[in-house]
1. Please find, among Phe360, Phe331, the residue that is under 30 Å from Leu159 (Cα atoms), in contact with a helix residue (DSSP H, G or I) (Cβ under 6 Å, 6 or more places away or on another chain) and among the aromatic types (Phe, Trp, Tyr).
2. Taking the range 41-81 as the region of interest, how many residues are closer than 13 Å to Leu385 by Cβ and open to solvent by less than 70 Å² (accessible area, probe 1.4 Å)?
3. Any chance the range 116-123 includes a residue that's among the hydrophobic types (A, V, I, L, M, F, W, C), at pLDDT 95 or above, surrounded by fewer than 16 Cβ atoms within 10 Å (Cβ to Cβ) and more than 20 Å from the chain's Cα centre (by Cα)?
4. Which pairs have Cβ atoms under 6 Å, sit 6 or more apart or on different chains, and link a residue in the range 9-32 that is in a loop (DSSP other than H, G, I, E, B) to one that is polar (S, T, N, Q)?
5. I'd like the full set of residues that are in contact (Cβ under 8 Å) with a residue 12 or more places away in the chain, among the hydrophobic types (A, V, I, L, M, F, W, C) and not in a helix (DSSP H, G or I), limited to the range 304-362.
6. Does Ala272 qualify as being crowded, with 21+ Cβ neighbours inside 10 Å, more than 16 Å from the ligand (Cβ to nearest atom) and touching a residue at least 60 places away in the same chain (Cβ under 8 Å)?
7. From the list Ile329, Ile342, Ile338, Ile349, exactly one residue is under 24 Å from the mean Cα position of the chain (by Cα) and open to solvent by 60 Å² or more (accessible area, probe 1.4 Å). Which is it?
8. Tell me yes or no: at least one residue of the range 259-269 is of a type in the set (Ser, Thr, Tyr) and within 14 Å of the ligand (Cβ to nearest atom).
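The values are calculated or read from the model by the stated rules, or taken from the named source; none is laboratory data. For clarity, every value in this text was computed on a predicted model and none was experimentally measured. Don't worry about glycine lacking a Cβ; one is built from the backbone with ideal geometry, like all the others, and counts go over all protein chains shown. Each accessible area value is taken on the protein alone, full model and side chains, heavy atoms only, with ligands, DNA and RNA left out. Shrake-Rupley method; radii C 1.70, N 1.55, O 1.52, S 1.80 Å.
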Amino acid sequence: MTPEVVFYIIIGILTLSFIFDKFLDHLNARHFNDPIPEELEDVYDQATYRKSQKYKKEKYRFGLLTSTFTLLITIAFFFLDGFAWVDAWARSYSENSIVIALIFFGSILLAGDLLSLPFSYYNTFVIEAKYGFNTTTLKTFILDKLKGWAMLAILGGILLAAIIWFYETTGPDFWIYAWAIVTVVTILMNLLYARLIVPVFNKQTPLEPGMLRTKIEAYAQTVGFQLDKIFVIDGSKRSTKANAYFSGFGREKRVTLYDTLLKDLEEEEIVAVLAHEVGHYKRNHIIVNLIISIVTTGFTFWLLSLFVDSVLLSEALGVATPSFHIGLIAFGVLYSPISEVIGLLLNYISRKFEFQADNFAKATYNAQPLISGLKKLSRNNLSNLTPHPAYVFAHYSHPPLLQRFRNLKRK
Ligand SMILES: [Zn+2]
């Protein structure tokens, strides 16, 4: 195989995955105007339904624009030997391979993010604002960006430096060490996410005393979940959209409820949502996800170790000297079909887990308030009630409302 063939395989993968993705988007968009299933007719009144259709269409067109732009920029960058150019530029600052790789990835990621900045600005301050969702101030928007970059520079930088160091010190076995360190970081992140990452962006407070807390306490006792593991987060700082999630494990486990959720739902509905989140914990979903992620990371690093120092890959990108960072870029694209398949599998498992958590809420609390709560959330988020099954299969981490409704109604 020649470097040229590898180059065109890379372009082919980028283009085909784009076409496939747009095909799914198109299929999904063709069902935007489908009649709403009978069971969900009470979700929207006429006016809100029309608003939701406009919202879906606008998001669809905007997604088409941004992804086309991204594809064109990426392909142009490959054709213009962009990676070779950045590699040479990074090498002009240092001879140290770790420093070169940090400059290389740092500048590419920063440039990519700056290019996407106008799109993310438009999405937040024009589209989301138009439908009444946006509550992000410009200050929060800018601070979020800066904090995100700082966090990526620190965490990503340390991890990348460690992996390259192992690569250069331990040779072909480096993938085992890289796997080990990424595993340790993944476990720590899962454990400390709520303590270390979330506070950088949000405020979390314990549940305030009152009727809701009393109701939640009564429920939590019946399933043996501690009340001090329930937190409220100021999601209203960025959007009116409501949410809740479970994170961590062991002593660090917690349920986080958005303040917007507390505002939008009745007390019974909030307890039902909480019961769903406790279901994720009781069914060990966090642990299972963690194990899957550790196994796939190991597989990815092993595969990477077979290809990363190939001269063929670096020559395909127009770089004469093979290096870890150039190998990683080429590998990243060549590997993307595999990671797509893994993503499909993860979404499939995630949807199964959602049904299990719903069933847990039904068994230990009540299905009715969960149904009405989910319907309200769908209405307030202007959710698509008629997604195409293929689109759901590829992209949805949660089952569509209709399926959850039918599952919860089942005796
Ligand atoms: Zn869930």
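1. Being under 30 Å from Leu159 (Cα atoms), in contact with a helix residue (DSSP H, G or I) (Cβ under 6 Å, 6 or more places away or on another chain) and among the aromatic types (Phe, Trp, Tyr) holds for just one of Phe360, Phe331, which is Phe331.
2. 8
3. Looking through the range 116-123, none of the residues is among the hydrophobic types (A, V, I, L, M, F, W, C), at pLDDT 95 or above, surrounded by fewer than 16 Cβ atoms within 10 Å (Cβ to Cβ) and more than 20 Å from the chain's Cα centre (by Cα).
4. So the pair list comes out as His31/Thr386; Phe32/Gln53.
5. Result: Val308, Leu317, Val319.
6. So Ala272 does not fit the description; no.
7. On the way: Ile329 fails: open to solvent by 60 Å² or more (accessible area, probe 1.4 Å); Ile342 fails: open to solvent by 60 Å² or more (accessible area, probe 1.4 Å); Ile349 fails: open to solvent by 60 Å² or more (accessible area, probe 1.4 Å).
Unique residue meeting the criteria: Ile338.
8. Keep residues of the range 259-269 that are of a type in the set (Ser, Thr, Tyr), which gives 260.
When the remaining residues are screened for being within 14 Å of the ligand (Cβ to nearest atom), the result is none.
No, the conditions are met nowhere in the range 259-269.
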